[in-house]
1. Only one of Leu81, Leu66 is in a helix (DSSP H, G or I) and either modelled with pLDDT under 90 or among the hydrophobic types (A, V, I, L, M, F, W, C) (or both). Can you tell me which?
2. Restricting to the stretch 112-131, give me the number of residues that are buried (at least 23 other Cβ atoms within 10 Å of the Cβ) and not acidic (Asp, Glu).
3. Cβ-Cβ below 6 Å, separation at least six or inter-chain, first residue in the stretch 269-295 and on the phi > 0 side of the Ramachandran plot, second part of a helix (DSSP H, G or I): which pairs?
4. Which one is surrounded by the most Cβ atoms within 10 Å (Cβ to Cβ) among residues in the stretch 304-333 that are within 15 Å of Ala212 (Cβ to Cβ) and touching a residue at least 12 places away in the same chain (Cβ under 8 Å)?
5. Tally up the residues in the stretch 230-246 that are assigned to a loop (DSSP other than H, G, I, E, B) and in contact with a helix residue (DSSP H, G or I) (Cβ under 6 Å, 6 or more places away or on another chain), please.
6. May I ask you to list the residues in the stretch 312-337 that are over 24 Å from the mean Cα position of the chain (by Cα) and either over 19 Å from Gln219 (Cα atoms) or in a loop (DSSP other than H, G, I, E, B) (or both)?
7. Of all residues being among the small types (Gly, Ala, Ser) and at pLDDT below 60 in the stretch 30-50, which is surrounded by the most Cβ atoms within 10 Å (Cβ to Cβ)? Just the residue, please.
8. Scan the stretch 334-359 and report the pairs whose first residue is over 21 Å from Gly292 (Cβ atoms) and whose second residue is small (Gly, Ala, Ser) and surrounded by 14 or more Cβ atoms within 10 Å (Cβ to Cβ), with Cβ atoms within less than 7 Å and a gap of 6+ or a chain change.
Amino acid sequence: MAALARITVLAPVLWFDYHKLAHPGGTKAVIHASRRDGLLEVVHPRWMYVPGAGVLTAMLLFVQLLGPLYRLKKSGRCQLLDVHFGYPEGVAGCLLAGVLRVPFTVTLRGAELLHGRYRLRRAAMRFALRRAGCVITVSEQLRAFAIELGVDPARARTIPNGVDASMFLPRDSAACRRKHNLRTDLPVVLTAGHLIELKGHHHVIRAVRQLADSGLPLQLVIAGGSPGRGVRSFEMELRRLTNELGLEDTVQFMGAVPPETLAELMSAADVFCLASHREGWPNVLHEALACGTPAVATRVGAVESLVVSEKFGIVVEPADPAALAAALRNALGKEWDRRAIAEWAHGRSWDQVAAEVVGEMQRIVLGKETQQEHRISA
């Protein structure tokens with residue numbers, strides 16, 4: 001997007017990270033106030049998050065970001081506010097846009113379905129989304145949710161995510177296995193994502209136990225670290241389950257890995273498994289397919305928009321280890337055209353996504369003016 005518009009990213013940082021109490025030595029706090037990252041200007045205002053504040057969290061975010069955003073507006077660097085996630089960010093963004101008298105957009109990415117189960121949060125999202133110039137969703141499921149909350153269908157647009165084809169592409173599987181100390185005589189199943197219950201890693205572990213009991217030994221690689229603010233880590237439970245099932249030599253916890261390492265692990269794997277209970281557009285599944293790796297994935301979010309046929313993988317119902325085990329057995333016994341899988345996944349780039357999003361912003365803010373004249377704050 002920064003190639004099409006002048007963008008300032010406002011990325012709030014906690015004054016006090018409660019997450020570190022449970023996970024000392026985890027993610028380092030961002031201490032700089034601002035920086036330039038290529039074409040982007042990134043500003044990191046501090047804000048105080050209060051656990052258990054409920055819908056007041058949106059108000060806290062609104063109050064603490066008003067000053068930094070007002071200064072951006074006054075300097076001519078904010079003509080549209082682009083907000084990501086419907087709650088609490090979308091609610092705070094609606095209030096900020098109202099005070100600053102600028103239009104705003106909101107992108108829904110999946111967590112909104114959970115927040116929508118709570119009466120007050122749902123009401124707050126309804127208030128905010130109905131006032132947005134455009135509600136962008138990464139899946140048709142989320143677009144339907146937005147319309148259900150009262151958003152005009154003409155202002156609800158599905159723009160799926162893209163993939164970085166220069167990073168996520170097929171690599172030599174044997175070389176990737178050797179590099180990451182994976183056995184070459186056993187199938188490799190990879191699952192990736194934060195170590196939280198929502199990602200369903202425990203279902204994959206149970207499925208692997210069932211496969212081993214039926215005479216199909218394999219290696220399970222779990223790539224992912226502890227979650228961020230306000231989400232309980234499930235790592236201890238996953239390690240305990242691994243030990244209880246006698247899979248200490250089968251399951252390998254890789255921790256959080258950089259994108260290049262993740263791409264190598266995807267190429268090393270025979271099958272990528274996504275067992276999530278909820279997703280928007282699961283980037284990690286898109287990236288695995290871009291590496292040419294077939295998938296076994298649960299029927300959540302936009303999964304069926306990625307695994308559109310049995311040429312690319314198998315889709316099962318969530319929270320069902322037996323179904324996962326059966327699908328993994330099927331996938332591991334099948335010949336896959338990994339080149340065709342990668343070509344399919346590479347069909348949508350981040351450049352396409354950026355053009356579509358900026359096009360919506362252009363329509364809302366400037367109409368006939370040129371893209372170079374945009375001033376957008378995210």
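1. Criteria check complete, one pass: Leu66.
2. Restricting attention to the stretch 112-131, the residues satisfying the condition of being buried (at least 23 other Cβ atoms within 10 Å of the Cβ) are 112, 124-125, 128-129.
Retained after the next criterion (residues that are not acidic (Asp, Glu)): 124-125, 128-129.
Going through the stretch 112-131 one residue at a time, the tally reaches 4.
3. Gly292/Arg338; Gly292/Ile341; Gly292/Ala342
4. The residue in question is Leu324.
5. The qualifying residues number 2.
6. Listed by number, the residues that qualify are Gly333, Lys334, Glu335, Trp336, Asp337.
7. Among residues in the stretch 30-50 that are among the small types (Gly, Ala, Ser) and at pLDDT below 60, the one surrounded by the most Cβ atoms within 10 Å (Cβ to Cβ) is Ser34.
8. Correct list of pairs: Val353/Gly162; Val358/Ala5.
The values are calculated or read from the model by the stated rules, or taken from the named source; none is laboratory data. Quick caveat, the model's predicted, so the values are computed rather than measured. With ideal geometry, Cβ positions are generated from the backbone for all residues, glycine too; neighbour counts draw on all protein chains shown.
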